[in-house]
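The values are calculated or read from the model by the stated rules, or taken from the named source; none is laboratory data. Quantities reported herein were computed from a predicted structural model and do not represent experimental measurements. In this analysis, Cβ positions are derived from the backbone assuming ideal geometry, glycine residues included, and neighbour counts consider all displayed protein chains.
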């Protein structure tokens, strides 16, 4: 494994993280969208005598980040009966409640 390959693995993982960030920015105003974050992991290392040399990094996971309490408190109750439908105003208030609370939780 050459140093160029190790560097390229870091660049590829960084590019994936930037694409995920761009996706988060593009969907910031989308109702119900939850932010994503990337997790990098190490590739297997090579042993040379008593020395281990790393071989780079990889994108290990893309996780969805959300506040479960916020989602439970803002989600309208599930209605299983077909005779009684939720009013349009209620679902709009629920979405605006979640969006406002989600934006407030992201503020520094």
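Tabulated data for the structure shown
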read-out: Of all residues making up the stretch 31-42, the number that are closer than 17 Å to residue 17 by Cα and assigned to a loop (DSSP other than H, G, I, E, B); value: 1
read-out: Those residues of the stretch 11-29 which are under 15 Å from residue 64 (Cα atoms) and out of contact with any strand residue (DSSP E or B) (no Cβ under 8 Å at 6 or more places or on another chain), in sequence order; value: 19, 21, 22, 25, 27, 28
read-out: Checklist (1) at pLDDT below 85; (2) more than 15 Å from the chain's Cα centre (by Cα) applied to residue 9, failing item; value: (1)
read-out: Any pair with Cβ under 9 angstrom, 6 or more apart, that starts in the stretch 5-16 at a residue that is in the same structural domain as residue 59 (by TED's automatic domain parsing) and ends at one that is modelled with pLDDT of 95 or more; value: none
